[in-house]
Structure formats: structure tokens, C-alpha cells
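Read through the structure below, which is laid out as C-alpha cells, and then see the notes.
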Amino acid sequence: MSALTFELWDSIDAVDGPAWDQLCQPAENLFMQRSLLGAIERSLSDDAQFWYVLFRDQDQRPVCAAAFSAYTLDISLLAEGFSAKVAQQVAKVAPGLLQLKVIFLGMPVSAGQNHICFAVDADRAAILKQLDELLVSKAREVKAECILAKEFSEAELPLMQPLLDCGYRLADSLPMNHMQPEHADFDGFLASLKSDTRGKLRKSIKKIKKNQLRFEYYRGTEAAERMTDEVYQLYRNVLDRAKIQLERLPKSFFLEMLQGLPDNMEVIFLYEEDRVLAFGACLFTDSVFVPIYLGVDYENNSKYDLYFNMLFETADRALKQGARDIVLGQSADDVKHFKLRSYQQPLYLYSKGISLSARLAMSCCFSLLFPKRALRFPRMSTEPAAAD
């Protein structure tokens, strides 16, 4: 086994920055940027604990960096179908049973990404064995029920395979929606559609022009100044309608992200005169564009097709920036598929019970806790007619 050592910090500001950046290549690996991790840490410090670990080989060369966190989940917000019905009944009798403290290998933010990176020639089996021991130790220290390592694409599973030898089980996460970057802008995308499909999308777009609504784009301090309490409530509106909720982010999250990532985050605001009716917060690098959160005034949604038009404008910004990967999130699958011809790619997580109750639950009810999630819109099927 390789002679590994590691350093552990409880603040991203304390890590060995040059070593972290050398390994993580933050210009492309946006979700391992120290500025992004710091924004998450500062805005969620009242609800979560954070740690950052850097492994070195026998030559003291950085070979793995990872961020992990402790967070209390409300299981009822994650449940679907039959599980949701059970959770509703439990909530009436003993709501405390639905509060589950978890150690995430990752951050308590649901963007469909992971927060671990390896050197190309790293001894992943040895690293993951030591990392598991560290995660288990922290879980026991903070009295967490289980460990969840999230989220990994199919291509990344071989990197994490050694976790299975450490007692973890592989489970499906929600699939991720992607849009094909085949056009220079949204007009080019529209031109590629059949006439009846194109007409349906343009009908929504005309509601913006006819009513003299306008899109504006801001970054950094300028965007933060426009993130008022009223605008933040638009995000809460969308969250309240979401089928599955991992986290409820405070307003400070958006402010911290905007201040910390002035070159990698943009907010698209949709205005009616001086009032914001919708907004979309987007992260990006030269190659990837990730709309992370949306806010909508649902009282005016049907009048202006706000949700649809925010999707269209977001797609236009991504295409114009030349993104090679447009990541559309893990919700509203039908809308994104039928409006933007998006396709889905599977994502996975690894779970391990720590407490006796968690181990028993995973042993007896694993398929109920982590149901299989078949892809409804795989990549081969990207050209349906748009939905009404």
C-alpha cells in the first residue's frame, strides 16, 4: 500500500491553496474552486459543518482533494411515491424521526456534482480506504446516521469502485438533464425544429416581446444588489413546488456566491418595468454552463410563460458562450425534454449506514430508500415535438 498522509481542515480558507488548485484545476473543475466552496461554507455555516482533506503520496505530492460536510436532512422532502405517503404519516406522529443527520462526501447543495478529485496516477483504493476511515470517524463524532458520497456519472464509477469494498452500496440518484450544444444561439435551435414545434415555442416568446418585458444580465456586486428579499422569494416559490428538496438555501448563499465568483456566475433577471418577475442563477466555465437555481413569480407565470421563457433565455446564454456541456438540472424533466430536446444521463451515489438503525434500514429497505431511476429520455431520443 502507498505511504499516504493527509491534512484536514475545517475551513476552506485554511487549506493549502496552491496544492489544492494544482490538483483540482479550478479553471475547469468549477465545483472544486475554493471560492465556490467558501461561499457555500459561509452561507450554510449555521446548518452544516464542513471539512476539507488533501492526501499526499510518499513524495509529498498532492494526489487527492475532497470536501465533505455534515447536514441534517428532512427525509420527508426527499421521499417520492409510496415513501412520501409513509413519511407523511410518520410526520404526524413523530416528526423528529424524519430528521436524519448525514455525512456527505460532497457539499449539502444539490447541483448533481461531486467534490473529490484524484491525480491521474493516484492509488485510489488506498486513498478511498483512508478517506472512508476519516468519514466514519467524523460521522461518529457528530452522531451522523449514515454517509452519502454524491454524485457520480457512469464514467466516474470506476474511480470510486473501491468504496464498495469499504461497505458502501451503489444507488441511483436523480438523472441529470443535458442540452445538446449544436447551435450558436437559441434562434439557431429554433430554426432546427419542425414548424409546428417552432411555432409553439415562439408563442411563448412572443408574450415577452408583446408585453415589453426585458432580460438583463448581471454578475458580482451588480447582481448581488438586485438580489432583494422580494427576488429571493421567487426562488422560494420554485422550491415550494419542487417534488424533491435537498436543501433550502438562505439568501446569503446567493450573495456569497455572487461576490465570490464574479467571473463564473451570472444572474439572468426578467423585468416588467422595475419589477423582477423571474431570475436564473447560472455557473459557467469556458466549457460548461450550469443553471443552478431559478426563481419565478407564479402569479404571472401563465400570463407570460415565465418558466418557459427563462429556460429559453438560459439556453440562449449557454449557446452564445460556446459551452460544450449545458447541464439543465435534475427536475422538470418533461418540460426540458419537450421544450429544449434535452436528454438524461444517469447519476449515482454511494451509501453506508453508521448507526444501528441506519444499517438495519439499508439492509431491509434499501430499494425503498434508494429506488431505481430509469432514464425516461436517454441520449438517443432528443427530437420529439415540443409539448403544449
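Key figures
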item	result
Under 15 Å, Cβ to Cβ, from Leu100 - net charge with Lys/Arg +1 and Asp/Glu -1	+1
Helix-derived mean residue ellipticity, 222 nm - over the chain, DSSP H n ≥ 4, -39500 (n - 2.57), to 500	-11500 deg cm²/dmol
Ala14-Asp187 pseudo-label distance in nm [points 7 Å out on the Cα-to-Cβ vector]	5.4
The stretch 220-353: relative contact order as a whole-number percent, Cα under 8 Å and 6+ apart	21
Protection-proxy order for peptides 153-163, 370-380, 44-54, 290-300, each taking the mean of Cβ atoms within 10 Å per residue, highest first	290-300, 44-54, 153-163, 370-380
Global form of the chain, assessed from the alpha-carbon gyration tensor, a/c cut-off 1.5	prolate
Cα gyration tensor shape of the stretch 190-348, rounded if a/c is under 1.5, else prolate or oblate by comparing a/b with b/c	rounded
Whole-percent pair-distance distribution, where bins are 5 Å wide, for the alpha carbons of the stretch 280-388	2, 10, 16, 17, 16, 12, 10, 8, 6, 3, 0
Out-of-range pairs (alpha-carbon distance over 22 Å; input Lys138/Lys243; Lys194/Lys243; Lys207/Lys251; Lys194/Lys303; Lys243/Lys336)	Lys138/Lys243; Lys194/Lys243; Lys207/Lys251; Lys194/Lys303
The chain - charge dipole about Cα centre, Lys and Arg +1 at Cβ, Asp and Glu -1, debye rounded to 20	1500
For the chain, built as a Gaussian network whose Cα springs stay under 10 Å, the top-fluctuating residue of Glu272, Glu151, Glu256	Glu272
Mean Cβ count within 10 Å, highest first, over the residues of peptides 127-135, 358-366	127-135, 358-366
For the stretch 134-238: rounded, prolate or oblate by the Cα gyration tensor [a/c cutoff 1.5]	oblate
Net charge, Gly112 excluded, C-beta distance under 15 Å - Lys, Arg +1, Asp, Glu -1	-4
Net charge of neighbours whose Cβ lies under 10 Å from the Cβ of Lys352, counting Lys and Arg as +1 and Asp and Glu as -1	+1
Added length on full extension, which subtracts the Cα-Cα distance from 0.36 nm per residue, Ser287 to Tyr217	23.2 nm
Max mean-square fluctuation residue, GNM over the chain, Cα-Cα springs under 10 Å, options Asp229, Asp13, Asp240	Asp229
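Since every read-out is calculated from the coordinates, none of them should be taken as a lab result. Because the structure is predicted, anything quoted here is derived from the model rather than measured. All Cβ positions, glycine included, derive from the backbone under ideal geometry; neighbour counts span all protein chains shown.
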